[in-house]
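A.B. asks: Just dropping this structure here.
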Amino acid sequence: MPGKIITVEHLNCRYNSVEVLSDISFAVEAGDYVGFVGPNGSGKTTLVKAILRLIRQESGTVSLFGKNPGEFSEWFRIGYLPQKLSFLNPNFPATVKEVVSLGLFAKKRFPKRLEKSDRILIDEAMRLMDITDIRDALIGELSGGQRQRVLVARAIVNGPELLILDEPTTAFDPEAREQFYHTLQDLNRNRQVTIILVTHDSATIGKYASKLLYLDKKVIFFGSFDAFCASEHMTSYFGEFAQHLICHRHD
Ligand code: ADP
């Protein structure tokens, strides 16, 4: 089902008087798996927040699901895993299952009560993220990687059409990271979830993402991963040696 999921046009963002994003334009299509890459401080998180209207932009437009700003209100269509989880206090005595179920409430009107169909969705999200066996554990008892899988389950339990993850794999060991990427790939390929993944994991992103947005306050490159490999930006950013490693596709 083709269509534009996100259209960003001439977006500018500032913090106080400092320009952080300058004249950003690109579009994400249904089914894309886009890696947001770039050095620290290049504006990746700011761009995600601007897309989700969590910060005020200076100028430009961001349309979601073909709707102009102001017309869009179906936030349940988007799953978001922020980089900093200020909403989650690890000492709060909630179980894994309870945290996952929180993801359903965005869609619900009052009374916010879980139905049988909700429990099926919760079980399915936990199965996908391989956390069924820890469903009754308290989130404060989990390892960083386990907790991250719980939060992804919370972000996908609603069946979002767009999933945005900001540096989700920092708490993972290499094996768990690979498994996590496979799960995202499954969501993208088999469940038609459009994915934006903000990552520092430059060596792996090309294995999974179909497109790359290389950011450094402005768009340095946006396009298919293969086009990125053929471009001068690839060599200048990753170096000659890494180019051969990273551009070797594994699918
Ligand atoms: P990235 O995600 O690529 O590391 P960020 O979007 O987090 O980059 O940050 C872009 C720039 O904006 C950085 O220079 C950062 O210091 C600055 N910045 C981020 N958040 C704030 C904030 N709340 N107030 C002021 N400056 C900020």
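The values are calculated or read from the model by the stated rules, or taken from the named source; none is laboratory data. Everything numeric in this text was worked out from a predicted model, so none of it was measured. Positions of Cβ are generated from backbone atoms using ideal geometry, with glycine treated the same way; all protein chains shown enter the neighbour counts.
A.B. asks: Which residues, counting only those in the stretch 144-176, are part of a helix (DSSP H, G or I) and at pLDDT 85 or above? Steps first, answer last, please.
C.D. replies: Pass one, the stretch 144-176, residues part of a helix (DSSP H, G or I): 144-156, 174-176.
Across the stretch 144-176, the qualifying residues are GLN146, ARG147, GLN148, ARG149, VAL150, LEU151, VAL152, ALA153, ARG154, ALA155, ILE156.
A.B. asks: If only one of SER17, SER63, SER59, SER22 is away from the ligand (no atom under 16 Å from the Cβ) and either surrounded by fewer than 13 Cβ atoms within 10 Å (Cβ to Cβ) or in contact (Cβ under 8 Å) with a residue 60 or more places away in the chain (or both), which one is it?
C.D. replies: Working: SER17 fails: away from the ligand (no atom under 16 Å from the Cβ); SER63 fails: either surrounded by fewer than 13 Cβ atoms within 10 Å (Cβ to Cβ) or in contact (Cβ under 8 Å) with a residue 60 or more places away in the chain (or both); SER22 fails: away from the ligand (no atom under 16 Å from the Cβ).
Just one listed residue meets the conditions, SER59.
A.B. asks: Another question about this same structure. Within the stretch 151-190, track down each residue that is of a type in the set (D, E, K, R), within 23 Å of ILE122 (Cβ to Cβ) and touching a Leu at 6+ places or on another chain (Cβ under 9 Å).
C.D. replies: ARG154, ASP186
A.B. asks: Just to verify a result, which residue in the stretch 159-176, among those that are of a type outside the set (Gly, Ala, Ser) and surrounded by fewer than 18 Cβ atoms within 10 Å (Cβ to Cβ), is farthest from the ligand (Cβ to nearest atom)?
C.D. replies: Looking at the filtered set, the residue picked out is GLU175.
A.B. asks: Kindly indicate the residue of the stretch 41-56 that is under 14 Å from the mean Cα position of the chain (by Cα) and within 11 Å of the ligand (Cβ to nearest atom) and also surrounded by the most Cβ atoms within 10 Å (Cβ to Cβ) among those meeting that condition.
C.D. replies: Within the stretch 41-56, the subset under 14 Å from the mean Cα position of the chain (by Cα) is 44-52.
Keeping just the survivors that are within 11 Å of the ligand (Cβ to nearest atom) gives 44-50.
Values: LYS44: 25, THR45: 19, THR46: 22, LEU47: 27, VAL48: 20, LYS49: 20, ALA50: 23.
Here the answer is LEU47.
A.B. asks: Hey, ALA27 hits all of (1) within 16 Å of the ligand (Cβ to nearest atom); (2) free of Cβ contacts under 8 Å to residues at least 40 places away in the same chain; (3) touching a strand residue (DSSP E or B) at 6+ places or on another chain (Cβ under 9 Å) but one; which does it fall short on?
C.D. replies: Only one criterion is unmet by ALA27, namely (1).
A.B. asks: Hey, among the residues in the stretch 191-217 that are part of a strand (DSSP E or B) and within 12 Å of the ligand (Cβ to nearest atom), which one's nearest to the chain's Cα centre (by Cα)?
C.D. replies: It comes out as VAL198.
A.B. asks: Take the residues in the stretch 126-145 that are within 20 Å of the chain's Cα centre (by Cα) and free of Cβ contacts under 8 Å to residues at least 40 places away in the same chain; name whichever of them is nearest to LEU102 (Cα to Cα).
C.D. replies: Only one residue fits best here, namely MET126.
A.B. asks: Exactly one condition in (1) closer than 26 Å to LEU187 by Cα; (2) modelled with pLDDT of 95 or more; (3) within 15 Å of the ligand (Cβ to nearest atom) is not met by VAL37; state its number.
C.D. replies: (2)
A.B. asks: Search the stretch 1-13 for residues being modelled with pLDDT of 95 or more and not acidic (Asp, Glu), and hand back the single one that is nearest to the ligand (Cβ to nearest atom).
C.D. replies: Ranking the candidates gives CYS13 first.
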